[in-house]
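Report on the structure given below.
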Amino acid sequence: MRRRTNFRRPSVLPGFWPAFSYAVLYLSLIVLIPLSAVFLKAASTSWGHLWKTISAPNVVASYELSFGASLVAGLASAVVGFLVAWVLVRYQFPGKALADALVDLPFALPTAVAGIALTSLYTESGWVGRYLAPLGIKVAFTRLGVVVALTFIGLPFVVRSVQPVLGDADRELEEAAASLGATRWQIFRRVIFPIVRPALLTGFALAFARALGEYGSVIFISGNLPMKTEIAPLLIVTKLEQYDYAGAAAIAAVMLVASFAVLLGVNALQRRSRGFMETG
Amino acid sequence: MSAMPISSAPPAAPSSIRPPSYAAQDPAVVRWGLTALALGALGLFIVLPLVTIFVEAFRKGAAVYLAAVRQPDTIAAIKLSLVAAGIAVPLNLVFGVAAAWAVTKFQFKGRNVLISLIDIPFAVSPVVAGLVYVLVFGAQGWLGEWLAARDIRVIFALPGIVLATVFVTFPFVARELIALMESQGTEEEEAALVLGATGWQMFYKITLPNIKWGLLYGVVLCTARALGEFGAVSVVSGHIRGETNTLPLHVEILYNEYNYAGAFAVASLLSVVAVITLGLKKFLEWKTGRESR
């Protein structure tokens, strides 16, 4: 009895133990135990074999592509997403509600559908690709295509992170700065941007993390050329198709560690930005 | 203090309702220039792909479209997708309510750890989500031999597809309810108990009406993702036409067979679901009063 009251604060509400036990059991069975299988499987082979798998040239190339393209796409999402959030929060224009609703489309659209749609747009005969081809820009079946797909996926994360913060930002600060003689650009750089920066960073990190693991929207537009446009999740699938479970688990373990690191970073960022909001 | 990490569901859209006193001072050139740029970007990145799907789907005419949609393999894929979502969503719904109840109405040690753990599936690549079940239930997996001896198929069969779907949609309902119920506190439930309600009466008459719109919001997002999941399901399905092929996998198969009209026709069905999801999402955000937050 004493241990229980130490574990949780007493409450008159019923149902804690059934709800808590069920939640923990379900979480363990569906998520935690299966996920641990990845690390146990990767660890079941020797270090030498493990290292050989994740340092193979095609695996290293896929990590480089996945991290590089996710980084570039995250930055592109940050720029475009910030612009969209700015316009949606601060200006009035016809069709604004529709534009706002459409921002979430990349989230609602199945990734495979997005993948084939983007591919058909950006091939050399596609609606967009045909205008880029004369300029010597190839998108479909290149690394640029991977970036385009990942930017599509990342956009809503930035918009939805920045939008509330921009909406809540105190306009009086801007008016005070303006009355003190600041130019518009100075107000933006010195007053507005510092307020929005943590949210923008969070949005970027969320977009980056999602891009790292993204599969469906990328594999169509990338063309999956060995050493050139193979993303890391694709190599996991390839290893599985060859029944190389340990190899697949090894690649996956590295990706999981990277994702969790980003996740911890986001949490730390959000704690810091909350502190910023509370003190300032 | 709830952690808000990697999410597949971007937080809901708020919109500022304050009068744009200062923004009105932005020169018209800047205002319209930036608006045009932003709308151009949305048009290029979001509207154009959506339009393409329908144009490609009907490129060879309505007859080809209807034939592709009515094909037995497509019907089987629709059924399988609905069955998988129909099992996965209620499972995650029950979990979401239980987890949110434990986490928001009580204070206990490790509460924040539990909240963070619930979000893990959002940080995991869909491909890895499929892989974990192959490692557990696959032929060379932990339970592979045991299952084979009893002739139970999990991987390359419906149970695997359902498990993968459950995994990727795991946090949707829970995180929605946790955010909502945390803001509601425990006073109404305590009052009901003081007035003599039983636990279930309290739940049905007080808690459920309070959370119904948020619950529905979580269910909508969960269902949309369950119907559209590709990577995780692709790993565990085995791609057997007419048997273990969900709708998104069927799109891939048709596309890889160069049957573009067919692929886009099936894709257009999923796109309609996506557009309906966006509409429902907006409606429920309005219902839960997110807009004014």
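Every number here is computed from the coordinates shown, using simple stated rules; none is lab data. None of these values were measured; they are calculated from a predicted model. No Cβ is skipped: glycine too gets one built from the backbone with ideal geometry, and neighbour counts run over all protein chains shown.
Listed values, structure above:
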quantity	calculated
Among A:Leu98, A:Leu13, A:Leu173: highest mean-square fluctuation, GNM of chain A, C-alpha pairs under 10 Å	A:Leu13
Mean separation of Cα contacts under 8 Å, 6 or more apart, over the residue count of chain B: relative contact order %	32
Distant-in-sequence amide H partners of A:Asp104 (H built 1.01 Å from N, under 5 Å)	none
Relative contact order (%) - chain A, alpha-carbon pairs under 8 angstrom, separation at least six	29
Size of electric dipole in segment B:60-292: Cβ of Lys, Arg +1 and of Asp, Glu -1, about Cα centre, debye, nearest 20	260
Residue-count net charge about A:Glu124 - beta-carbon cut-off 10 Å; Lys, Arg +1, Asp, Glu -1	+2
Backbone HN-Hα couplings from phi across segment A:251-266 [Karplus 6.51/-1.76/1.60, Hz, Gly and Pro as x]	4, 5, 4, 4, 5, 4, 4, 5, 4, 5, 5, 4, 4, 5, x, 4
Karplus 3J(HN,Hα) series, Hz, for segment B:116-131 with 6.51 cos²θ - 1.76 cosθ + 1.60 (x for Gly, Pro)	5, 4, 4, 7, 3, x, 5, 8, 9, 4, x, 4, 5, 4, x, 4
Label-point separation, B:Asp151 to A:Phe260 (7 Å along Cα→Cβ), nm	4.1
Virtual paramagnetic centre 7 Å along Cα→Cβ of A:Leu135, amide N under 18 Å, in segment B:26-60	B:37-46, B:48-49
Net charge of neighbours whose Cβ lies under 15 Å from the Cβ of A:Ala112, counting Lys and Arg as +1 and Asp and Glu as -1	-4
Segment A:66-111: C-alpha gyration tensor shape, a/c 1.5 cut-off, then a/b vs b/c	oblate
Spacing of the two label points (7 Å from each Cα toward its C-beta) at B:Leu48 and B:Arg241, in nm	3.4
Using alpha carbons only: equivalent-ellipsoid semi-axes of segment B:61-183, gyration tensor based, whole Å	33, 23, 12
Cβ-placed point charges (K, R +1; D, E -1), dipole of the protein assembly as shown about Cα centre in debye, nearest 20	720
Top positive-direction residue, dipole computed over chain A with Cβ charges, set A:Val162, A:Thr183, A:Leu35	A:Leu35
Local electrostatic count at A:Ser217 - Lys and Arg +1, Asp and Glu -1, tallied over other residues with Cβ under 13 Å	-2
Tensor-based shape of segment B:60-292 (alpha-carbon gyration tensor, a/c under 1.5 rounded, otherwise prolate or oblate)	oblate
Average beta-carbon neighbours from other chains, 10 Å sphere, peptide A:87-98	5
Cα lying deepest toward the dipole's positive end in the protein assembly as shown, options A:Gly265, B:Ala197, A:Pro134, charges on Cβ	B:Ala197
Calculated FRET efficiency for the pair A:Ile33/B:Ala197, C-beta based, R₀ 30 Å, to 0.05	0.20
Potential lengthening between B:Ala36 and B:Lys287 on full extension [0.36 nm per residue; Cα-Cα distance subtracted]	87.3 nm
Integer Hz, Karplus 6.51/-1.76/1.60 couplings in order for segment B:217-230, x for Gly and Pro	4, x, 5, 4, 4, 4, 5, 4, 5, 5, 5, x, 4, 10
Segment A:49-279 - charge dipole about Cα centre, Lys and Arg +1 at Cβ, Asp and Glu -1, debye rounded to 20	340
Over the protein assembly as shown, equivalent-ellipsoid semi-axes from the Cα gyration tensor in Å	35, 34, 24
Relative contact order %, segment B:51-201, counting alpha carbon pairs below 8 Å whose residues are six or more apart	33
Inter-probe distance in nm under a simple model that places probes 7 Å from Cα toward Cβ, at B:Asn112 and A:Glu64	4.0
Cross-link reach list, aspartates and glutamates versus B:Lys79, counting only Cα pairs under 12 Å and skipping chain neighbours closer than eight places	B:Glu243
Gyration tensor (alpha-carbon) shape descriptor, chain A, a/c threshold 1.5	oblate
